[in-house]
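Chemist: Dropping the structure in here first, questions after.
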Amino acid sequence: MIQLSPESQQEGSIVRAYSEDLRIRVIRAVEEDGDSARGAGRRYGVSESAAVKWVSRFKQDGSISAHKTGRPRGLKVMAYRDFLVALMKDRDNTLAELQSALLEQHGMYASRALLWRFVHDEGLSYKKKPCTPVSRIALTSPLPVGSGNGGNIA
């Protein structure tokens with residue numbers, strides 16, 4: 001990874017993976033020039049541990065590219081999609097109810113955050129309705145400031 005100095009880091013900046021060109025140069029220094037992985041890392045200005053990992057990975061499976069970063073796109077509950085959708089179609093369950101049903105019937109634990117992502121992605125989340133009917137005779141929320149009626153309801 002390219003390490004940025006504290007002076008060059010800005011809020012929201014990200015750290016990127018080293019280029020494949022640099023990875024190839026380090027691996028070639030080890031494979032063709034006979035350098036040690038640590039020595040090649042020092043020679044090219046990368047950490048010794050990064051160089052050791054790159055060379056080890058290259059020897060193991062021939063890969064020089066960086067590992068993917070970020071959250072995997074698939075959710076582990078997708079295997080239980082039909083079950084969860086059926087539960088949500090019957091009635092508007094809470095995340096806690098979905099969590100316990102999944103654990104009881106399939107023996108799989110899923111966090112509420114994961115279940116929320118699933119419900120949201122599937123479009124199964126509904127706006128809850130208020131418990132009381134809307135009043136037709138009284139104002140139920142304050143008027144916005146500057147609405148132009150001077151605070152009078154009528």
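Chemist: Considering every residue within region 62-69, establish whether at least one is over 30 Å from Val26 (Cβ atoms), among the β-branched types (Val, Ile, Thr), at pLDDT below 90 and within 20 Å of the chain's Cα centre (by Cα).
Modeler: No, every residue in region 62-69 fails to be over 30 Å from Val26 (Cβ atoms), among the β-branched types (Val, Ile, Thr), at pLDDT below 90 and within 20 Å of the chain's Cα centre (by Cα).
Chemist: Could you please let me know if Leu95 is surrounded by 14 or more Cβ atoms within 10 Å (Cβ to Cβ) and under 30 Å from Ser125 (Cβ atoms)?
Modeler: Here the answer is yes, as Leu95 does meet what is asked.
The values are calculated or read from the model by the stated rules, or taken from the named source; none is laboratory data. Quick caveat: nothing in here was measured; it's all calculated off a predicted structure. Every residue, glycine as well, gets a Cβ built from its backbone with ideal geometry; the counts of neighbours run over all protein chains shown.
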